[in-house]
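Heads up, the thing below is written out as C-alpha cells.
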Amino acid sequence: MSSRKKVLLKVIILGDSGVGKTSLMNQFVNKKFSNQYKATIGADFLTKEVIVDDRIVTMQIWDTAGQERFQSLGVAFYRGADCCVLVFDVTAPNTFKSLESWRDEFLIQASPRAPENFPFVILGNKVDLDNRAVSAKRAQQWCQSKNDIPYFETSAKEAVNVELAFQTIARNALAQETEAELYNEFPDQIKLNANDNNRNRDGDNCAC
Amino acid sequence: MSCSSSEDVPDQCKDLFTQDGVLLKACIGRPIIDLNSIGMLCIVQNVDGGKCIEWRPNDLITIDSDSQDQEWAVVHTIGRRQRTLSGNMTSDYAAARARIIRIQIDELKTFRMTRNNQQMQFSTKPGVWQNTFYFQHGNAEIFLASLKNYVKTVKTRHDRNTYVVVEPTNEAQALNRSFAELDIFTENTTDVVWNLVSNFKQRPYETTLEAFSKLTDIVYYGNEGLNGKRDVSDEVADLLSKSMSALEDNTSVTKSDDYEVISVKPTLPPRPCIPRGAPLSTEKWEGLLDPDGRILEVDGVRQLIFRGGVAHSIRHSVWKYLLDYHPWSYTHAKIKSLQKKRTEEYFTMKLQWKSMTEKQESRFSEYRERKSLVEKDVNRTDRTHPFFAGDDNPNLVTLEDILMTYVMYNFDLGYVQGMSDILAPLLLLLGNEVDTFWCFVGFMEKIASNFDMDQAGMKQQLLNLQLLLSFASPDLAKHLASKDSGNMYFCFRWLLVWFKREFSHRDIMRLWEVLWTGLPCANFHLIISVAILDAEKDVLISGDYGFTEILKHVNDLSMCLDVDKILSTAEGIYHQIISAPHLTDQIRIILGIPTVGGRPEPEPSSSEETNGKTDEQSDMEEVMYQIGLDMNF
C-alpha cells in the first residue's frame, strides 16, 4: 500500500465506569498517571503519532463516559473506528462480565463492514492492585472464545504493558485499514456515483 | 392630543427614544393615503420639559431614492440633529412634516399592545383608539418599556395588554427617586444600556435612552451619522451603497428551473451590550428581610441576583432560598423548625443505608453497584481543590454520605455520573452536611431530567440548543451541521453539569446562582451555550473545523472562559432573540414565553426545566414594573 498517504487510526476505548480508560489513554499518550482524573463526561480524544512497521501513523484515541446510560450518546463517536479497546478492572468481576455487552453494543452501533473481523483488544487493567478478582486464565479463555481477541494485562498507574498494548492496537487497526483499502478499489468513482444518485433524487422531489 | 401638527419643531426638542420601522395602521382624522406608511416612533422631550410620543413618516426622515420596499427603506433622521436640507427635497419635506403625529404624554389616557405585542394603540379618551401603530422590526416591548419610564400605568383587569395611565411624568419620576432612596438595585454606572428590566434601576434614564437612540444611528450609518457634518449628496451616495450591500448580505438567491427566487434572510436586531451589575450585598440582603426574617420582594431579589450574582459572604444564606430549601415567605421561627425537621429526615435516610449489613449488601446488587460508583467518583471529584485534596480527607466522606443518602432519597434515580460534580461546590460553600444535602436536592429538582435513564432530557436539550443556535447564529449552526456536528454532542458536558467542568469554583458559583433565578427566561443555560459558541464562531468557521476539531476546541475552552462576559453576551442574545421579527413559536416554547396562538403547551420531556414559571417569566418586564409600583412606599 502507499506509504505516502497519511494514516489516521481511530481507536475507541470502552468499558465500565472507573476501570481506567482515561488513565490508560493518558499513560500511553502523555506518559503520565494521576489518580485525580475526573470521571469522563461526554467524550474526549487524544492523538499520538506512532511508528508501525516503518510507517508513521496517527492514533486518535477516543475516551467516553462509562456509565451505561450515557452510551446512547457515546455511539455518535463510534463511527469510523478502526479498532475498539475493551477495558475491565481485574479487581472488579462485574466489569469483566460487562465486556460481552460492550462488544455487542459496539458492533451494533458502529456497524463495521466486516464485524467478524473487526479488531478488538482486551485490557485487564489495575494489575498493580493486590485484590485481584479476575484471573488471567479466565480472561484469556474468554478472549480465545471470541475469535482470539488479543489480551493484555496492564497497569496504567505503573505503565505496565501499556505501550505494548497500544502498539498491538495500532498494528491491528492498520491491518484492518489496509484491508479496507483493498476492498475499496475505486473509491472516487463510488463517491461520484453516490452524489449523482442524490442529485437525481433531489430532482425527483422537486418535480413532485 | 394633537394628531396633526405642522408647527416647527424647536431645536431644543430632544429624542429620548426612537424606534424605526413602525407602520401607521390607523389614525382618526387622517386621509387614507397616510395609512400604512412607515415611519419612526419616538419619545420626545419638548422644549417645555413635557414629553410626547411622536411618529414621523419616513418621507421626512429618509432619503431612500425610489425604493418601494419598506423592508429595505434606508432611514435617516433629519428632523433634529441636522437641518441642512436643500433643493428639491424641501417641498416633500414640508408635506411630510404635516404628517407627523404627536401624542402629548400628559394627555395620554390608555394604550394597549395587541397582535403578539407587535401592535400598539393609543388613546387620549376612553373608548376610542385614535392611533394604531404596527412594529415591523421586532415588537413594541422595548418601546413600551421606555414609555413606562415616563408614565405610571396599571394594567386593566379585563385585558392584560391594556394599560391605563395613572399619572404622567412627575409621578414616574417620584417612583424613580424612591428606588434611588431604597437603593436596592445595583449601583451600576455604565451608561450604555439597552435592557428592558434595567429601566427600573436608578441610573439616569435620559442617558440610557439617548444611548439607545445613538445606537440606532450607529447601526444605520456608523459613527459618521452622529456628527452630521457631511454633505448631503455624499451621504445619499453612501447610504445607497450601504443599502445595496445590506441587500446583498441579507438576501439569498435560489435558482430553480424557471424562476430565480430571491428571498430575504431574516436577521436579528443588533445585539445590545448589557453590563453586569454588582453582586447582591450583605446590606441589601439584610435590608430585604422583614423583622421576622421573611423576604417579600422575591422577584426583586431574583432580579438583583440575575444581574450581579450574590456576594460571597451571604451565599450560604441566599443559596438556600434559590435552591428551594428555605421558602422565601418563612419567618426565622418557621425556618428554624423546618431545619429541625429536615435534619431529622436526613439522618433517618442516612441511617437506612448506614445500617445495612455486609450480608444484606451482598444480596442487593443494585445498591452495591451504586455504592461502588459513588465511591469511585467521590475519589476523583475536584481533588485538586484544597478542600478535597489529600488522602483521608473528611470532606470526601461527607460527599459520599450525601450522595448515598440521596440514593435513599431518590432510589429510582440513584446515583448518576455528574452528580458528584454538582454536589462538590455546594459542600464547599455550605460546609454543613444537612444543608448541603437539601440544597443538592433542590438543584437536582432543577436538572433531574439531565439524568434520565434513557437520556431523553439531554437529547431534548441538545435539540433545543441546536434550534436556538440556528436562530441566533445561523451561520455557525449551518457550519456545524455540515460537519456532522448538528447533534451538538460536543456540548453534552456543558449541559449535563451546568458548565461545572468549564469554570473554576469561584466562577461556577456565580454562573449557577444566576441560572437558579430562572431569569430572564426558561432554559437560559442554553442561551449561555449559544453565547459561548457564538464567541468561537469565527475560529470554527474560518478554520473550517470538522467534527473532531470542533469537539476538541470546545473541550479545550474549559477554564478559559470569562463568566461575566458570557452572562452579559447571553443576555444580549436573549434580547436579540425575543425582539426578532421572525421569532417562532418553537423558540418561544423553548424559552417559556407565550406562543402567538396563546399559552405555550407544556413540553413533554423538559417541563421540569421551565419549573412552571412560564407566565411569570414571559411577563418579567411587567412583573418588574409592578414591583416598582409595589415598592413605591
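The values are calculated or read from the model by the stated rules, or taken from the named source; none is laboratory data. On a predicted model such as this, the values are computed, not experimentally measured, just so you know. In this analysis, Cβ positions are derived from the backbone assuming ideal geometry, glycine residues included, and neighbour counts consider all displayed protein chains.
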Which residue out of B:480, B:496 is touching a residue at least 24 places away in the same chain (Cβ under 8 Å) and more than 29 Å from residue B:443 (Cα to Cα)? B:480
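For the structure I just gave you, tell me whether residue A:168 is in a helix (DSSP H, G or I), more than 30 Å from residue A:19 (Cα to Cα), at pLDDT 55 or above and more than 14 Å from every other protein chain (Cβ to nearest Cβ).
Values: in a helix (DSSP H, G or I): yes; more than 30 Å from residue A:19 (Cα to Cα): no; at pLDDT 55 or above: yes; more than 14 Å from every other protein chain (Cβ to nearest Cβ): yes.
It is false that residue A:168 is in a helix (DSSP H, G or I), more than 30 Å from residue A:19 (Cα to Cα), at pLDDT 55 or above and more than 14 Å from every other protein chain (Cβ to nearest Cβ).
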List the residue pairs whose Cβ atoms are under 7 Å apart, where the first residue sits in segment B:392-405 and is more than 14 Å from residue B:351 (Cα to Cα), the second is crowded, with 19+ Cβ neighbours inside 10 Å and among the small types (Gly, Ala, Ser), and the two are 6 or more positions apart or on different chains. B:399/B:420; B:399/B:424
From the list B:590, B:550, exactly one residue is part of a helix (DSSP H, G or I), within 14 Å of chain A (Cβ to nearest Cβ) and of a type in the set (Val, Ile, Thr). Which is it? B:550
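Looking only at segment A:106-141, which residues are part of a helix (DSSP H, G or I), in contact (Cβ under 8 Å) with a residue 12 or more places away in the chain and in contact with a strand residue (DSSP E or B) (Cβ under 8 Å, 6 or more places away or on another chain)? Please lay out each step first, then the result.
So in segment A:106-141, the residues part of a helix (DSSP H, G or I) come out as A:106-110, A:115-117, A:136-141.
Of the ones still in play, those that are also in contact (Cβ under 8 Å) with a residue 12 or more places away in the chain are A:106, A:109-110, A:116-117, A:136, A:138-139.
Once the filter is applied, which keeps residues that are part of a helix (DSSP H, G or I), in contact (Cβ under 8 Å) with a residue 12 or more places away in the chain and in contact with a strand residue (DSSP E or B) (Cβ under 8 Å, 6 or more places away or on another chain), segment A:106-141 yields A:106, A:110, A:136, A:139.
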Condition check: surrounded by 16 or more Cβ atoms within 10 Å (Cβ to Cβ) and within 16 Å of the chain's Cα centre (by Cα). Does residue A:103 satisfy that? yes
Restricting attention to segment A:24-58, report how many residues are within 14 Å of another protein chain (Cβ to nearest Cβ), touching a Phe, Trp or Tyr at 6+ places or on another chain (Cβ under 6 Å) and under 17 Å from residue A:84 (Cα atoms). 2
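Being buried (at least 19 other Cβ atoms within 10 Å of the Cβ) and over 18 Å from residue B:493 (Cβ atoms) is true for just one of B:416, B:378. Which residue is that? Give the steps one after another, and end with the answer.
On the way: B:416 fails: over 18 Å from residue B:493 (Cβ atoms).
Every option except B:378 fails the conditions.
Going through segment B:286-322 one residue at a time, which ones are part of a loop (DSSP other than H, G, I, E, B) and buried (at least 23 other Cβ atoms within 10 Å of the Cβ)? Please lay out each step first, then the result.
Here is the first cut: in segment B:286-322, the ones part of a loop (DSSP other than H, G, I, E, B) are B:290-294, B:296-297, B:309, B:311.
B:309 - this is the single residue of segment B:286-322 that is part of a loop (DSSP other than H, G, I, E, B) and buried (at least 23 other Cβ atoms within 10 Å of the Cβ).
Take segment B:78-118 and flag every residue that is modelled with pLDDT under 75 and of a type in the set (Phe, Trp, Tyr). I'd like the intermediate steps shown before the answer.
Narrowing segment B:78-118 to residues modelled with pLDDT under 75: B:78-97.
If the condition is that a residue be modelled with pLDDT under 75 and of a type in the set (Phe, Trp, Tyr), then B:93 is the only one that fits.
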Please go through segment B:578-618 and give me each residue that is at pLDDT 90 or above, among the β-branched types (Val, Ile, Thr) and out of contact with any helix residue (DSSP H, G or I) (no Cβ under 6 Å at 6 or more places or on another chain), ordered by number. B:578, B:584, B:589
Among B:577, B:589, which is the only one that is among the β-branched types (Val, Ile, Thr) and touching a strand residue (DSSP E or B) at 6+ places or on another chain (Cβ under 7 Å)? B:589
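Which of the residues that make up segment B:464-490 are among the basic types (Lys, Arg) and touching a strand residue (DSSP E or B) at 6+ places or on another chain (Cβ under 8 Å)? Even if it seems obvious, please write down each step before you answer.
Restricting attention to segment B:464-490, the residues satisfying the condition of being among the basic types (Lys, Arg) are B:478, B:483.
None - no residue of segment B:464-490 is among the basic types (Lys, Arg) and touching a strand residue (DSSP E or B) at 6+ places or on another chain (Cβ under 8 Å), so the list stays empty.
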Test: residue B:346 is assigned to a helix (DSSP H, G or I), touching a residue at least 40 places away in the same chain (Cβ under 8 Å) and either within 14 Å of chain A (Cβ to nearest Cβ) or surrounded by fewer than 16 Cβ atoms within 10 Å (Cβ to Cβ) (or both): no
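Of everything in segment B:484-534 that's part of a helix (DSSP H, G or I) and acidic (Asp, Glu), which residue is farthest from the chain's Cα centre (by Cα)?
Taking segment B:484-534 as the starting set, the residues that turn out to be part of a helix (DSSP H, G or I) are B:489-496, B:500-502, B:505-516, B:524-534.
So of that shortlist, the ones also acidic (Asp, Glu) come out as B:502, B:507, B:513, B:534.
On the way: B:502: 22, B:507: 20, B:513: 15, B:534: 16 Å.
Across segment B:484-534, the extreme among qualifying residues is B:502.
Only one of A:31, A:21, A:10 is surrounded by fewer than 16 Cβ atoms within 10 Å (Cβ to Cβ) and more than 21 Å from residue B:453 (Cα to Cα). Can you tell me which?
A:31
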Of all residues in segment A:78-95, which are surrounded by 24 or more Cβ atoms within 10 Å (Cβ to Cβ) and assigned to a helix (DSSP H, G or I)? A:95
Yes or no: segment A:61-77 includes at least one residue that is touching an Asp or Glu at 6+ places or on another chain (Cβ under 7 Å), assigned to a loop (DSSP other than H, G, I, E, B) and either under 22 Å from residue B:381 (Cα atoms) or within 9 Å of another protein chain (Cβ to nearest Cβ) (or both). yes
Candidate set: segment B:450-471, residues that are assigned to a helix (DSSP H, G or I) and facing chain A (nearest Cβ under 8 Å); chosen: the one nearest to residue B:418 (Cα to Cα): B:451
